[in-house]
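Read the structure below first, then the notes.
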Amino acid sequence: MSASPAVVALRPAPTNNLEAFWMPFTANRQFKQAPRLLAGARDMHYVTTDGREILDATSGLWCVNAGHCRPKIVEAIQAQAAELDFAPTFQFGHPKPFELASRLAAMAPTGLDHVFFVNSGSEAVDTALKIALAYHRARGEGQRFRFVGRERGYHGVGFGGVSVGGMVANRKTFGPGLPGVDHLRHTHDLSRNSFTRGLPEHGAELADDLERLVALHGAETIAAVIVEPVAGSTGVLPPPKGYLERLRAICDRHGLLLIFDEVITGYGRLGSAFAADRLGVTPDIMTTAKGVTNGTIPMGAVFASSDIYEAFMQGPENMIELFHGYTYSGHPIACAAALATLDVYQEEGLFERAAALETRWADAIHGLKGLPHVIDIRTIGLVAGVELEPMEGKPTARAFQSMVKAYEDGMMLRVTGDIIAMSPPLIVSEAQIDEIAERLARVLKAID
Ligand code: PMP
């Protein structure tokens, strides 16, 4: 029997309507005392529930690369929802994911010709790891079960991604994770590289850590190495010059797959379609999400080389080649959003625009050198990390204070530890770049 309205009315009314939502990656109790609530967005700005404009210096969570509520994307989502709301992609199909995969493969680095759809960056990473294991098995090398990640890597929150990731807080409460995972050292070293534009000079030899792990375990036990080409969530850490080339060479020498996690760097963030293009190193598998739909509908896309795909296509034709997938893989509305997003990127030349703005961006943000507490600034593409001196006994406090003050003053920042990270939509104007730098300067002068 369904509940009558009278029964429903007997349920206690919530005393605080912020209570029920258990917020992710947030100090819930602190937030709920002084919430920051966003009600609308357009282009470069959010609007808060109390009607204030907030300049978005972070593209939401690194994902709204074309700016907010772009009409072409909104219309595509609306039209798709009205035409085909859902269709399975297990054993059935619909045209959109085929069309989208072809478009994505055409814009991907050469050789990454096949695309597996997922719903998030975390799912993209776990999918990439599973593809790597299954690929080796398909070739009769099922003993390759080990993965190598990197300290200060962030690869989402699935058990696979947490295991290969190297963010301490993300790992320590969740048990041992995947067996057989090792980590390269991270490449962040302020004693050798500081206030860098683009790639830092020193540290390529840190890639040789991989040789050490190969010697320790035997290459024949290692499936893949996964790194972010530029680590984002742990503080904007571009790779030293020559580092990724060296990693690629070692992988090739020993038959290891190289996975680039391009969830942040994909779709124009560095002024090229993918970081692999700009940095001149092509992985075997590439994970993407976020910018693929301009953040509008959850979606991720995992790119795999033809070699990998073909290794799966050798068995009987009536056999499922990869026992993996999600109900919403290739969801029609996500595909429609992504196709419209790619149109906007291409029609407006936004990746080229990001490249053209890089110097202006770097000049503006590096202009903050010398302000209180600033111990390093790193820029590449339309990304910047501003590292603050830790506060005695209260690490992370200064960056957090900066985020709160910036929001009160009308700008959204992202913080990670003692680092402020910025990544504006690629439609940012030169005047807005200056505004971001000016607002941040004001904030830095105001914090303790
Ligand atoms: N990989 C990288 C490199 C990321 O930056 C992120 C998210 N910031 C993820 C994976 C996880 O993505 P999601 O939050 O969509 O699961």
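The values are calculated or read from the model by the stated rules, or taken from the named source; none is laboratory data. Bear in mind that the values here come from a model prediction, so they are computed numbers and not experimental data. Note that we place each Cβ from the backbone using ideal geometry, even for glycine, and neighbour counts take in every protein chain shown.
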- prompt: Of the conditions (1) modelled with pLDDT under 95; (2) more than 20 Å from the chain's Cα centre (by Cα); (3) under 24 Å from Thr265 (Cα atoms), Gly417 fails just one. Which one is it?
  reply: (2)
message: Consider the range 256-290. How many of its residues are of a type in the set (Gly, Ala, Ser) and within 18 Å of Leu100 (Cα to Cα)?
response: 4
message: I'd like to check something: does the range 158-180 contain any residue that is more than 15 Å from the ligand (Cβ to nearest atom), buried (at least 23 other Cβ atoms within 10 Å of the Cβ) and closer than 14 Å to Ile226 by Cα?
response: no
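From Thr265, Thr282, grab the single residue that is at pLDDT 95 or above and within 13 Å of the ligand (Cβ to nearest atom). Before the answer, list the steps.
On the way: Thr282 fails: within 13 Å of the ligand (Cβ to nearest atom).
Every option except Thr265 fails the conditions.
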Members of the range 35-60 that are among the polar types (S, T, N, Q), under 23 Å from the mean Cα position of the chain (by Cα) and outside any helix (DSSP H, G or I): Thr58
Contacts under 9 angstrom Cβ, first residue in the range 232-243 being within 19 Å of Trp62 (Cα to Cα) and of a type in the set (Val, Ile, Thr), partner within 12 Å of the ligand (Cβ to nearest atom) and not in a loop (DSSP other than H, G, I, E, B), 6 or more apart: Thr234/Thr416; Val236/Val383; Val236/Thr416; Val236/Ala421
field: Boolean, Ala106 is of a type in the set (A, V, I, L, M, F, W, C) and in contact (Cβ under 8 Å) with a residue 60 or more places away in the chain
entry: no
message: Can you find a residue that is near the ligand (Cβ under 9 Å from one of its atoms), crowded, with 24+ Cβ neighbours inside 10 Å and part of a strand (DSSP E or B) anywhere in the range 238-258?
response: no
- prompt: Is one or more of the residues making up the range 409-430 part of a helix (DSSP H, G or I) and in contact (Cβ under 8 Å) with a residue 40 or more places away in the chain?
  reply: yes
query: Out of (1) under 19 Å from the mean Cα position of the chain (by Cα); (2) among the small types (Gly, Ala, Ser); (3) within 25 Å of Gly349 (Cβ to Cβ), the odd one out for Ser122 is which?
result: (3)
task: Determine the pairs where a residue that is crowded, with 23+ Cβ neighbours inside 10 Å, located within the range 110-125, has a partner that is among the charged types (D, E, K, R) and at pLDDT 95 or above with Cβ atoms under 9 Å apart, the partner being 6 or more residues away or on another chain.
output: Leu112/Asp284; Val118/Asp126; Gly121/Asp261; Gly121/Lys290; Ala124/Asp261; Val125/Asp261
message: So, in the range 58-89, how many residues would count as being away from the ligand (no atom under 16 Å from the Cβ) and buried (at least 20 other Cβ atoms within 10 Å of the Cβ)?
response: 8
- request: Could you please find all residues in the range 375-401 being surrounded by fewer than 23 Cβ atoms within 10 Å (Cβ to Cβ) and of a type in the set (Ser, Thr, Tyr)?
  value: Thr396
message: Where the second residue is charged (D, E, K, R) and surrounded by fewer than 24 Cβ atoms within 10 Å (Cβ to Cβ) and the first is within 19 Å of Ala204 (Cα to Cα) and lies in the range 269-285, which pairs have Cβ atoms under 9 Å and are six or more apart or on separate chains?
response: Leu279/Glu245; Gly280/Glu245; Val281/Glu245; Val281/Arg248; Thr282/Arg248; Pro283/Arg248
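Residue-wise test of (1) closer than 18 Å to Phe116 by Cβ; (2) part of a loop (DSSP other than H, G, I, E, B); (3) in contact with a Phe, Trp or Tyr (Cβ under 7 Å, 6 or more places away or on another chain).
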residue	(1), (2), (3)
Tyr328	yes, yes, no
Thr341	no, no, no
Tyr345	no, no, yes
Arg378	no, no, no
task: State whether one or more residues within the range 198-219 are at pLDDT 95 or above, within 16 Å of the ligand (Cβ to nearest atom), closer than 21 Å to Thr416 by Cβ and not β-branched (Val, Ile, Thr).
output: no
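I'd like the full set of residues that are aliphatic (A, V, I, L, M) and over 18 Å from Trp62 (Cα atoms), limited to the range 277-301.
Residues of the range 277-301 that are aliphatic (A, V, I, L, M), as a first pass: 279, 281, 285-286, 289, 292, 297, 299, 301.
Hits for the range 277-301 are Leu279, Val281, Ile285.
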message: Exactly one condition in (1) more than 16 Å from the ligand (Cβ to nearest atom); (2) out of contact with any Pro (no Cβ under 6 Å at 6 or more places or on another chain) is false for Val225; which is it?
response: (1)
- prompt: Among Asp418, Asp434, which is the only one that is among the charged types (D, E, K, R), in contact with a helix residue (DSSP H, G or I) (Cβ under 8 Å, 6 or more places away or on another chain) and crowded, with 19+ Cβ neighbours inside 10 Å?
  reply: Asp418
query: Based on what the data block shows, is Arg150 of a type in the set (Lys, Arg), within 16 Å of the ligand (Cβ to nearest atom) and either surrounded by 18 or more Cβ atoms within 10 Å (Cβ to Cβ) or without any contact (Cβ under 8 Å) to a residue 24 or more places away in the chain (or both)?
result: yes
query: Here is a list of conditions, (1) touching a Lys or Arg at 6+ places or on another chain (Cβ under 9 Å); (2) under 18 Å from Ala106 (Cα atoms); (3) within 16 Å of the ligand (Cβ to nearest atom), and Val302 meets all of them except one; can you say which number that is?
result: (1)
